[in-house]
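Below: one structure, written as structure tokens.
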Amino acid sequence: EHHSKDLKAICYLVRALTEEFGLQGFEQGLKLLSEALNRFGVELYPSRKRGRDGAVEWLNHQFKLVSSRFAESAQSWDLVSGCISIIEE
């Protein structure tokens, strides 16, 4: 049985989680994205670097569009720090 491993679909899900749950959703989405990259690597679609870069650039742009909605607080900075750690892995 075959299952789709689409990086673009994961990025759309991260965006939806961010819209629905704010920074907590973004953090959870990044964990999912990180796990998919670690688990499936080159099996993810799109297989070409340009396509993968495009999906991540789209997600980055989408985050910039919604990030101004998040209230600044100690908790939000902790979540941002957690997101950065996920990205750096």
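The values are calculated or read from the model by the stated rules, or taken from the named source; none is laboratory data. A quick note: this is a predicted structure, and the numbers were derived from the prediction, not measured. Cβ coordinates were reconstructed from backbone atoms using ideal geometry, including for glycine residues, and neighbour counts include every protein chain displayed.
Yes or no, residue by residue, for (1) small (Gly, Ala, Ser); (2) touching a His at 6+ places or on another chain (Cβ under 9 Å); (3) farther than 16 Å from ILE86 by Cβ:
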| position | (1), (2), (3) |
| --- | --- |
| LYS5 | no, no, yes |
| LYS8 | no, no, yes |
| VAL14 | no, no, no |
| GLN24 | no, no, no |
| SER47 | yes, no, yes |
| ARG52 | no, no, yes |
| GLU57 | no, no, yes |
* Asked: Name the pairs whose Cβ atoms lie under 9 Å apart, with the first residue in region 26-46 and closer than 20 Å to ASP78 by Cβ, the second charged (D, E, K, R) and modelled with pLDDT of 90 or more, and 6 or more positions between them or separate chains?
  -> PHE26/ARG15; GLY29/ARG15
* Please note which helices (runs of 4 or more DSSP H) are completely contained in the chain and include at least 2 residues that are modelled with pLDDT of 80 or more and aliphatic (A, V, I, L, M). => 7-40, 49-67
* Just checking, how many residues over region 1-55 are touching a helix residue (DSSP H, G or I) at 6+ places or on another chain (Cβ under 9 Å) and among the polar types (S, T, N, Q)? -> 4
* Only listed residue being closer than 21 Å to SER81 by Cα and either surrounded by fewer than 13 Cβ atoms within 10 Å (Cβ to Cβ) or in contact with a His (Cβ under 8 Å, 6 or more places away or on another chain) (or both), chosen from GLU20, GLU43 -> GLU20
